[in-house]
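Asks: Here it is: the structure, laid out below.
The values are calculated or read from the model by the stated rules, or taken from the named source; none is laboratory data. What you are looking at is a predicted structure, and each value in this text was computed from that prediction instead of being measured. So basically every Cβ, Gly included, is an ideal-geometry build from the backbone, and we count neighbours across all protein chains shown.
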Amino acid sequence: MVTHMKWLILAVCGLFAACEQGKEITVGGDAAKQVQRPHFEITSDEIFDAGSIPAYEGSHDEIYADIDRNLERHLANLQRWVRQPSISAQNNGITEMVGMLRDDLLAIGFAEAELVPTDGHPGVFAYYDAGAEKTLIVYMMYDVQPVNPEDWQVPPFAGELVEHDLGTVLMARGATNQKGPQRALLNALESIISVTGSLPVNLIVLAEGEEELGSPHFPQIIEKYKDRLMAADGVFFPFNSQNRSGDIKMILGVKGIIYMELEARGGPHGGPVNHEVHGSLKAFIDSPVWRLVQALASMTTPDGNTILIDGYYDKVQPPPDEDMPLINGMLASADEEMMMQALGIERWIDGETMREAQMDYLYNPTLNIDGIWAGYTGEATKTILPHVATAKVDSRLPPGLDPDEMMALIRTHLDKHGFSDITIRPMSGYPASQTSVDSELVQAAISVINKYGKPPSVEPRLGGSAPFYVFTDILKLPMVFTGIGYGKGAHGPNEIMLIYPKEGSKIAGLAEIEKGYVDILHALAGQ
């Protein structure tokens, strides 16, 4: 326990530490020290040329024709999926959606399709034996984010078609993340089987219902089928990868993540214990809300841009040589003005150049407050001193940073700086993942994208997170997530997937999206 005076010193130090990169920063009464985010140099001029990979030459005209004939029914399948809520955070519609997914796989022709119980929401394992030489795992997530209906142009689970400046879109929660592209892939499977009687590859579908919760129980599904999964040749995640101009990004990896709640409550260290009290009593009672604010402030510079937790940057790795041509290609194709406009920002972090900001995005960890709440936030006034304050915090982790180690560093930091009373509730965590651009699966996917237009920009990873480490690290399999098609609004209101592009558009509509998936499966099979 610290004295009130020492606690006040800690708070002042946390709030008024120098914030410019490289300036002296005093934290928690420690001697002044230099803290600086790692800076990464580009050490090569080589640019990865996706166009050097020959375009896929296969043509499956009868299957394409079947897709065109059945497009209205295929669209209805997408609408059926998005009309079924499956909000994992609220356990809303989970049972119905997982059953729908399992039943759809059986109807398509999967001989095995079973629900997989976990300690959380169930998963699905399905297997289609085509007697083929190669086996592909398709990863799916059937859960979606919560919604605020009042923020939507149409009801979020109505599955309505809406006119957009790009054409006709499906507007619904899950339209692009991820029900739309996933059901489009299943539509493509239906057409392949309808025309040829089978698939070009053996297919395992592995689905979870907790991706939006951080996939805490997905490893249980992996462990149950580990031997069968390890015999596969790779993993595919169907994904809308085009932007508004029709250009495509192919992503080879993701950052890891830790997600937690931090909570301050009244107790022996001060503050009301069991309930809020009158706000005037702040004159002689400590505030858990201010305490949480000071604890959060102690972990970064005041602008939140540089993490001050001892050791947090120690294991950050510089870009490997294989990434350099990918980075150069990524930067060469980037339109800074368009990116800023799309993000709604006017400058990059710390006034950096776009090049510097992109290197931070790819290779540095983050520490982000997702939400913070306490006390009264309703209309008019209510003068109280709350007894509890909570914040949701996430940290995105590049390769080399272990989630358990990073969580331990946060706990050590809080204890060291007088905040041992702050409770940490870990909610999810997993490491980063990446696949080599030289893998056969990635090369096959690039060849298909080259068939449909401009070569893709191939990028080392997203700054976001997904549990792909289970495939690349545990199962030692290559993984790629891509596809033609456009969507936006994931996690936000008015989420869309483009279904019927305007005439002359370079963006794929639903029919072309499905034909692209047909080609990816055949390209992997060498057909």
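Asks: Report yes if Leu189 is farther than 30 Å from Ile258 by Cβ, touching a residue at least 60 places away in the same chain (Cβ under 8 Å) and outside any helix (DSSP H, G or I), otherwise no.
Replies: When the stated conditions are applied, Leu189 does not pass them.
Asks: Okay, next question. With Thr168, Thr118 as the choices, which residue is modelled with pLDDT of 95 or more and closer than 25 Å to Glu72 by Cβ?
Replies: Thr168
Asks: Something else: Taking the residues in segment 452-461 that are touching a Lys or Arg at 6+ places or on another chain (Cβ under 7 Å) and closer than 21 Å to Pro319 by Cβ as candidates, determine which candidate is surrounded by the fewest Cβ atoms within 10 Å (Cβ to Cβ).
Replies: Per the criteria, the residue is Ser457.
Asks: Among what's in segment 65-79 and is more than 24 Å from the chain's Cα centre (by Cα) and either under 24 Å from Phe218 (Cβ atoms) or in contact (Cβ under 8 Å) with a residue 24 or more places away in the chain (or both), pick the residue that is surrounded by the fewest Cβ atoms within 10 Å (Cβ to Cβ).
Replies: Asp68
Asks: Among the numbered conditions (1) exposed (fewer than 12 other Cβ atoms within 10 Å of the Cβ); (2) farther than 27 Å from Val293 by Cβ; (3) modelled with pLDDT of 95 or more, tell me where Arg347 comes up short.
Replies: (2)
Asks: Report yes if Lys476 is among the charged types (D, E, K, R), in contact (Cβ under 8 Å) with a residue 60 or more places away in the chain and not in a helix (DSSP H, G or I), otherwise no.
Replies: Yes.
Asks: Can you report the number of residues in segment 155-181 which are free of Cβ contacts under 8 Å to residues at least 24 places away in the same chain and hydrophobic (A, V, I, L, M, F, W, C)?
Replies: 0
Asks: Go through segment 359-412 residue by residue and tally those that are of a type in the set (Val, Ile, Thr) and without any contact (Cβ under 8 Å) to a residue 24 or more places away in the chain.
Replies: 2
Asks: Which of (1) at negative phi; (2) not assigned by TED's automatic domain parsing to the domain that holds Ile193 is the odd one out, the single condition Gly492 does not satisfy?
Replies: Only one criterion is unmet by Gly492, namely (2).
Asks: Considering only segment 509-519, I want to know if a residue exists there that is hydrophobic (A, V, I, L, M, F, W, C), over 18 Å from Gln178 (Cβ atoms), not in a loop (DSSP other than H, G, I, E, B) and not assigned by TED's automatic domain parsing to the domain that holds Arg396.
Replies: yes
Residue by residue, here is whether (1) outside any loop (DSSP other than H, G, I, E, B); (2) assigned by TED's automatic domain parsing to the domain that holds Met140; (3) touching a Gly at 6+ places or on another chain (Cβ under 7 Å); (4) surrounded by fewer than 17 Cβ atoms within 10 Å (Cβ to Cβ) holds:
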| position | (1), (2), (3), (4) |
| --- | --- |
| Pro200 | no, yes, no, no |
| Ile222 | yes, yes, no, no |
| Phe236 | yes, yes, no, no |
| Asn240 | no, yes, yes, no |
| Gly246 | no, yes, yes, yes |
| Leu262 | yes, no, no, no |
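Asks: Are any residues in segment 320-339 hydrophobic (A, V, I, L, M, F, W, C), closer than 23 Å to Gln36 by Cβ and within 22 Å of the chain's Cα centre (by Cα), and if so, which ones?
Replies: Ile327, Leu331 - these are the residues of segment 320-339 that are hydrophobic (A, V, I, L, M, F, W, C), closer than 23 Å to Gln36 by Cβ and within 22 Å of the chain's Cα centre (by Cα).
Asks: Being buried (at least 17 other Cβ atoms within 10 Å of the Cβ), part of a loop (DSSP other than H, G, I, E, B) and at pLDDT below 95: is that true of Pro365 here?
Replies: Answer is no for this residue.
Asks: Looking at segment 388-414 only, could you name the residues that are outside any helix (DSSP H, G or I) and of a type outside the set (Gly, Ala, Ser)?
Replies: Once the filter is applied, which keeps residues that are outside any helix (DSSP H, G or I) and of a type outside the set (Gly, Ala, Ser), segment 388-414 yields Val388, Thr390, Lys392, Val393, Asp394, Arg396, Leu397, Pro398, Pro399, Leu401, Asp402.
Asks: What number of residues in segment 65-92 are of a type outside the set (A, V, I, L, M, F, W, C) and assigned to a helix (DSSP H, G or I)?
Replies: Total satisfying the criteria: 11.
Asks: Please go through segment 472-506 and give me each residue that is farther than 19 Å from Leu161 by Cα, buried (at least 17 other Cβ atoms within 10 Å of the Cβ) and in contact with a helix residue (DSSP H, G or I) (Cβ under 8 Å, 6 or more places away or on another chain), ordered by number.
Replies: Leu475, Leu477, Pro478, Met479, Val480, Thr482, Gly483, Ile484
Asks: Just name the residue that is surrounded by the fewest Cβ atoms within 10 Å (Cβ to Cβ) out of those in segment 305-319 that are within 13 Å of Gln36 (Cα to Cα) and either modelled with pLDDT under 95 or among the hydroxyl-bearing types (Ser, Thr, Tyr) (or both).
Replies: Applying the filter and picking the extreme gives Tyr313.
Asks: Would a scan of segment 93-102 turn up a residue that is outside any helix (DSSP H, G or I) and assigned by TED's automatic domain parsing to the domain that holds Leu203?
Replies: So far as segment 93-102 goes, yes, one or more of its residues are outside any helix (DSSP H, G or I) and assigned by TED's automatic domain parsing to the domain that holds Leu203.
Asks: Another question about this same structure. Just to be sure, is Gly266 in contact (Cβ under 8 Å) with a residue 24 or more places away in the chain, of a type in the set (Gly, Ala, Ser) and closer than 30 Å to Ala188 by Cβ?
Replies: For Gly266, the condition - in contact (Cβ under 8 Å) with a residue 24 or more places away in the chain, of a type in the set (Gly, Ala, Ser) and closer than 30 Å to Ala188 by Cβ - is not met.
Asks: Looking at Glu62, is it assigned to a helix (DSSP H, G or I) and surrounded by fewer than 16 Cβ atoms within 10 Å (Cβ to Cβ)?
Replies: yes
Asks: Would you call Asn328 crowded, with 16+ Cβ neighbours inside 10 Å, at pLDDT below 95 and not assigned by TED's automatic domain parsing to the domain that holds Gly131?
Replies: Against the criterion (crowded, with 16+ Cβ neighbours inside 10 Å, at pLDDT below 95 and not assigned by TED's automatic domain parsing to the domain that holds Gly131), Asn328 qualifies.
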